[in-house]
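The values are calculated or read from the model by the stated rules, or taken from the named source; none is laboratory data. Remember, predicted model here, so these are calculated numbers, not experimental data. All Cβ positions, glycine included, derive from the backbone under ideal geometry; neighbour counts span all protein chains shown. Calculation scope for accessible area: heavy atoms of the full protein, side chains included, ligands and nucleic acids excluded. Shrake-Rupley method; radii C 1.70, N 1.55, O 1.52, S 1.80 Å.
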Amino acid sequence: MIRSVGRDLPGGTVTFLFTDVEGSTRLLHALGAEGYAEALAAHRRTLREAFARHGGVEVDTQGDAFFVAFPTAPGALAAATEATAALSGGPIKVRIGLHTGSPIVTDEGYIGPDVHKGARIAAAGHGGQILVSAATAQLVDGATLRDLGLHRLKDLTAPERIYQLGGEDHPPLKTLHQTNLPIPATPFLGRESEVAEIVGHLARDDVRLLTLTGPGGTGKTRLALQAAASAADAYAGGVWWVPLAPLRDPQLVLETAASALGAGGDLAEYIGDKELLLLLDNFEHLVEAAADLGPLLARCPKLSLMVTSREPLHLDGEWEYAVDPLRRTEAVELFLTRAVAVRRDFTANGEVAEICERLDNLPLAIELAAARVKLLSPRVLLERLEQRLPLLSGGSRDAPDRQRTLRATIEWSHELLTPDEQRLFARLAVFRGGCTLETAEAVVEADLDTLQSLVDKSLVRVRADSGRFWMLETIREFAVERLEASGEADEVRRRHADHFLALAEEAEPHVHHDSLEWLDRLQAEHDNLRGALDHMEAQGDGAGVIRLAGALWRFWYQKSHFIEGRRRLETALHSDDRPIDARAKALHGASVMTLTLGDTSSSRLYAEQALALEETLGNRWGVAYAGMMLGNNLAEAPDVSRDLAAARDRLQESARLFEEIGDQHYALISRHNQAWITGDLGDRDGERRLHEESLAKARSLGNQGIEAEALAQLGMLARDDGRLEDAAAMIRQAIRLDHQRGMVLNIATDIGRLASVLVRFDQPERAATLVASSEALTGGLGVDVAWWADERNIETMELATAKLPQTVLDNALAAGRRLTVDEAVALALEDAEP
């Protein structure tokens, strides 16, 4: 909130003008203290004269910055033009930003997001530059405005189109780039000094791990996001947000961070020496993973970590920043802004400050209270707080007072709900990572009106991109307690588990044929699926665990959750040993996961068990599949247990059974696997013929997985024949197909194959880069490079090493290890010809 230092503030539609001196510290050193003071005073006189001539009202002046309000946009633009021209011959250059909106005018000044947007637009500019928002541009006909395009300002709002007055050239705007920082639903208010302090800490060479601590509801996440945005200019590699709240497994922290960065390989290798800031948000329930952060920082010398947690991580080199409640004026501004958003005619009075004080100035508590002004006046709100807080200030004796106050605030807000709203609020706690409307209706009998009411009261939120409903973790934890106290917890969790078991089993036949739509749907519900499995395990429901794991194994495989998939499947197999169809599915999945992870002995054991069980069950499809997996194991074993002839026989029998059953897709897979075995047995012509047959069949059936693999194998045969252009073209097409399907492991294998072609095309540097990327992407999935791929990569690197200086080779390898999946694919596909 900003107070007027002059006459009455204009109301209605107002154009704000913000100024700031560029390089004030540099000017102070250049001019000296006395010279700078004189120049600054002359600059102030010049600006005030220009503003007054065009009807501007000075709202606030801080240091060398002005905030002025104009009743018209043309008047503001004219004042900015005159002021900039008047300063052009002097030592001081100012950046100016203009934005038009309809702020709320109170006795204490302006409030509303338009004020903050204007300040952010000005901050994005450079000395001598006048920036204009789209809202202002629409009101200044005839002005020479240059469209600078869409930019994300550092208040984290959605991209804003920004214009520049005049056609002169300036450096790029100081806006956000290379980031996945989310777009909050409401503007950031206050806490400028805290943001500056945090940015200052991050700028220090001895601060690489900064943990923002405090109880739930103090605004740690929002403050950290704003600080990350403000610090973005210092990180050429970008600032990246890693939300950890939905996770329950500490082993998934670094994997989730890699996913946020788009790093398909090892996280540390991808980051390397990039200047990069990672924001690990909501770490407190995953403290076991803190031990992984030290080695990550050691391997990445220019990486900085900012963490939000309710407790410090207790790591060497950690700096803790305790997040305090808002200052009184900031708390009042937050309350007024949120209150006006839900009730346009809301008027402030002295009771608002008292309400904020009663709420300990905690941001979440204030937002919950402000959401009630639709129905309750400030006086009634205050009375209810006075009645409730003494009764609700209990909690554990060792909990911080503010945490107990927040509990009381949430409970007070909960008490204001209708019985139906309270019932739904508690039931919604069963969802991890949110839910769709349809799922809420099915699992917890949600009524749309009641759900919308919870959204309106800030207890439930809606994601703009997906429409999923979710809760802040602080609120969800309270909701979990209410669910436990309701007597419905077991029934609601059973319904949740049953629903997601049904979803997984409904998806299973679609995933069986690689439906991308269904794979993405399961990925969106992965946290809920994990929750369902956790509940079944906790209840000792072995039958449910093995059914759900058996239905999900293809999803885990297709989405590269190999390690988690193996762990879940092996747990399921130990939970229910009955000779049933679900166990057979889990055995198939365990065989696939362990083979993918390079454990051929375990994979073979699971396949043998699956075969015996499927024979007992009389399931011919399962017999055929288990036989195929045994054939694959015999062929891929790296030791004396490898038996190519026996593998070929297994796969021929498997293909015959699949064809009798009528499953052409899996018959194709079995026959395709025979092809490369035929080649390894010495029949190269037979291998080529079988791959060509597989390619034609795959295209007729629409099986892109086998189409890609056949193309890649034919590409390798073309390489061996010396047809390098054909080889590169076929392998690149395989990469395109696997990239469309999101098959990271296949992509990694394909780019290794392409590298073996490019090195023969006298492109050793690109070949080395792709080999390093292939191995990093594979390792990032928790998978060892297959022995046959390793042999090929060694050969490629021997050829590349012979052609490259050591420094060039080292740089190529380092660059390859840092590539994301998308970057590796782009490099592989670069140039029409190899």
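Confirm whether residue 406 is of a type outside the set (Val, Ile, Thr), part of a helix (DSSP H, G or I), closer than 25 Å to residue 248 by Cβ and modelled with pLDDT of 85 or more. No.
What's the number of the only condition in (1) surrounded by 19 or more Cβ atoms within 10 Å (Cβ to Cβ); (2) over 30 Å from residue 773 (Cα atoms) that residue 343 fails to meet? If we test residue 343 against (1) surrounded by 19 or more Cβ atoms within 10 Å (Cβ to Cβ); (2) over 30 Å from residue 773 (Cα atoms), just (1) comes out false. None of 690, 657, 681, 668 is open to solvent by 30 Å² or more (accessible area, probe 1.4 Å) and in contact with a Ser or Thr (Cβ under 9 Å, 6 or more places away or on another chain) except 690.
When residue 438 is tested against the conditions (1) modelled with pLDDT of 70 or more; (2) open to solvent by 70 Å² or more (accessible area, probe 1.4 Å); (3) more than 27 Å from residue 534 (Cα to Cα); (4) in a helix (DSSP H, G or I), the lone failure is (3).
Would you please list the contacts, defined by Cβ atoms under 8 Å and residues six or more apart or on different chains, that run from a residue in region 39-51 that is in contact (Cβ under 8 Å) with a residue 40 or more places away in the chain to a residue that is part of a helix (DSSP H, G or I) and open to solvent by 40 Å² or more (accessible area, probe 1.4 Å)? From residues that are in contact (Cβ under 8 Å) with a residue 40 or more places away in the chain, the pairs are 39/31; 46/86.
Among the residues of region 562-583, those that are open to solvent by less than 20 Å² (accessible area, probe 1.4 Å) and among the acidic types (Asp, Glu) comprise 564, 576. Number of residues in region 262-290 that are in a helix (DSSP H, G or I), open to solvent by less than 40 Å² (accessible area, probe 1.4 Å) and more than 17 Å from residue 309 (Cα to Cα): the value is 4. When region 534-553 is filtered for residues that are over 24 Å from the mean Cα position of the chain (by Cα), closer than 23 Å to residue 782 by Cβ and surrounded by fewer than 24 Cβ atoms within 10 Å (Cβ to Cβ), only 537 remains. Here residue 259 clears all of (1) farther than 21 Å from residue 773 by Cβ; (2) outside any loop (DSSP other than H, G, I, E, B) except the condition numbered (1). From 626, 584, 607, which residue is of a type outside the set (S, T, N, Q) and either under 26 Å from residue 697 (Cα atoms) or modelled with pLDDT under 95 (or both)? After applying the criteria, what remains is 626.
When the test is whether a residue is at pLDDT 90 or above, under 20 Å from the mean Cα position of the chain (by Cα) and not β-branched (Val, Ile, Thr), residue 223 passes it. Among the numbered conditions (1) of a type outside the set (Asp, Glu); (2) on the phi > 0 side of the Ramachandran plot; (3) at pLDDT 90 or above; (4) open to solvent by less than 50 Å² (accessible area, probe 1.4 Å), the only one that residue 754 does not meet is (2).
If you take the residues of region 59-89 that are part of a strand (DSSP E or B) and modelled with pLDDT under 90, which of them is surrounded by the fewest Cβ atoms within 10 Å (Cβ to Cβ)? Among those that are part of a strand (DSSP E or B) and modelled with pLDDT under 90, it is 62. Taking the criterion of being open to solvent by 70 Å² or more (accessible area, probe 1.4 Å) and touching a Gly at 6+ places or on another chain (Cβ under 9 Å), the only residue of region 604-623 that qualifies is 615. Checking the condition open to solvent by 70 Å² or more (accessible area, probe 1.4 Å), over 34 Å from the mean Cα position of the chain (by Cα) and at pLDDT below 85, which residue from 357, 311 passes? So the residue among 357, 311 that is open to solvent by 70 Å² or more (accessible area, probe 1.4 Å), over 34 Å from the mean Cα position of the chain (by Cα) and at pLDDT below 85 is 357. For region 451-565, the helices (runs of 4 or more DSSP H) that sit wholly inside it and include 2 or more residues that are β-branched (Val, Ile, Thr) are 473-486, 489-512, 542-558.
Among the residues of region 635-654, those identified as touching a residue at least 40 places away in the same chain (Cβ under 8 Å) and open to solvent by less than 70 Å² (accessible area, probe 1.4 Å) are 635, 636, 641. Of all residues in region 406-425, exactly one satisfies the criterion of being buried (at least 23 other Cβ atoms within 10 Å of the Cβ) and over 28 Å from residue 357 (Cα atoms), namely 424. Does region 799-820 contain at least one residue that is within 26 Å of residue 565 (Cβ to Cβ) and either in contact with an Asp or Glu (Cβ under 8 Å, 6 or more places away or on another chain) or aliphatic (A, V, I, L, M) (or both)? There is at least one residue in region 799-820 that is within 26 Å of residue 565 (Cβ to Cβ) and either in contact with an Asp or Glu (Cβ under 8 Å, 6 or more places away or on another chain) or aliphatic (A, V, I, L, M) (or both). Among the residues of region 31-50, the ones that are of a type outside the set (Asp, Glu), exposed (fewer than 12 other Cβ atoms within 10 Å of the Cβ) and more than 14 Å from residue 65 (Cα to Cα) come to 2 in all.
Note on region 697-712: residues that are open to solvent by 30 Å² or more (accessible area, probe 1.4 Å) and either part of a helix (DSSP H, G or I) or in contact with a Cys (Cβ under 8 Å, 6 or more places away or on another chain) (or both) amount to 6.
Just wondering, is there one or more residues in region 599-618 that are closer than 29 Å to residue 255 by Cα and either touching a strand residue (DSSP E or B) at 6+ places or on another chain (Cβ under 9 Å) or not in a helix (DSSP H, G or I) (or both)? Within region 599-618, one or more residues are closer than 29 Å to residue 255 by Cα and either touching a strand residue (DSSP E or B) at 6+ places or on another chain (Cβ under 9 Å) or not in a helix (DSSP H, G or I) (or both).
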